[in-house]
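Structure first, then comments.
Since every read-out is calculated from the coordinates, none of them should be taken as a lab result. Please read all numbers here as calculations on a predicted model, not as lab measurements. Cβ placement follows ideal geometry from the backbone for every residue including glycine, while neighbour counts extend to all protein chains displayed.
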Amino acid sequence: MQCEHGVVWCVVVDVRTGSPTFGQWVAETLSAENGRWLWIPPGFLHGSCTLGDRTAVRYHCTTPPQREYERAVRWNDEALGIGWPVADTQAVLSRQDLSAAPFFSVIDWFAYA
């Protein structure tokens, strides 16, 4: 993932069951200025938050999208403790994010994904 315009804060969460870092997250700020790329390996969730107007990102996938396997986890789930740089009341969410499940309610799915 790369930010072509603006600034985006990206989060990656380890959902590999049995991993010593299962459920832990890291974040990176990507911008057109810093030119950084973020690789999200298999077995990790990812989410992002724009930090400016007119943000545009580019990403590439190693396999074609398979919509039937997509899942959404609640962005502000306390179980993950992600320190998003936006208040809950300021977040603008997609329809999918509005109906996302709590992290621990979908753990079984990760074991079989």
Query raised in the report: Could the peptides 39-48, 71-80 be put in order, highest first, of the mean number of other beta-carbon atoms found within 10 Å of their residues?
Result: 71-80, 39-48
Report task. Only helical DSSP H runs with n ≥ 4 go in: add -39500 (n - 2.57) per run for the chain, normalise by residue count and round the 222 nm mean residue ellipticity to 500 deg cm²/dmol. Result -> -1500 deg cm²/dmol
Report task. For the chain, with a Gaussian network of springs between Cα atoms less than 10 Å apart, report the residue from D53, D14, D97 with the top mean-square fluctuation. Result -> D53
Query raised in the report: In whole Å, what are the Cα extents of region 2-112 along the three principal axes, biggest one first?
Result: 39, 34, 28
Query raised in the report: Under a GNM of the chain (C-alpha, springs under 10 Å), which listed residue has the highest mean-square fluctuation: G81, G52, G18?
Result: G18
Query - Relative contact order %, the chain, counting alpha carbon pairs below 8 Å whose residues are six or more apart - result: 30 percent
Report task. Calculate the dipole size of the chain relative to its Cα centre from +1 charges on Lys and Arg beta carbons and -1 charges on Asp and Glu beta carbons; express the result in debye to the nearest 20. Result -> 220 debye
Query - region 1-42: mean projected area of Cα convex hull, nm² - result: 3.0 nm²
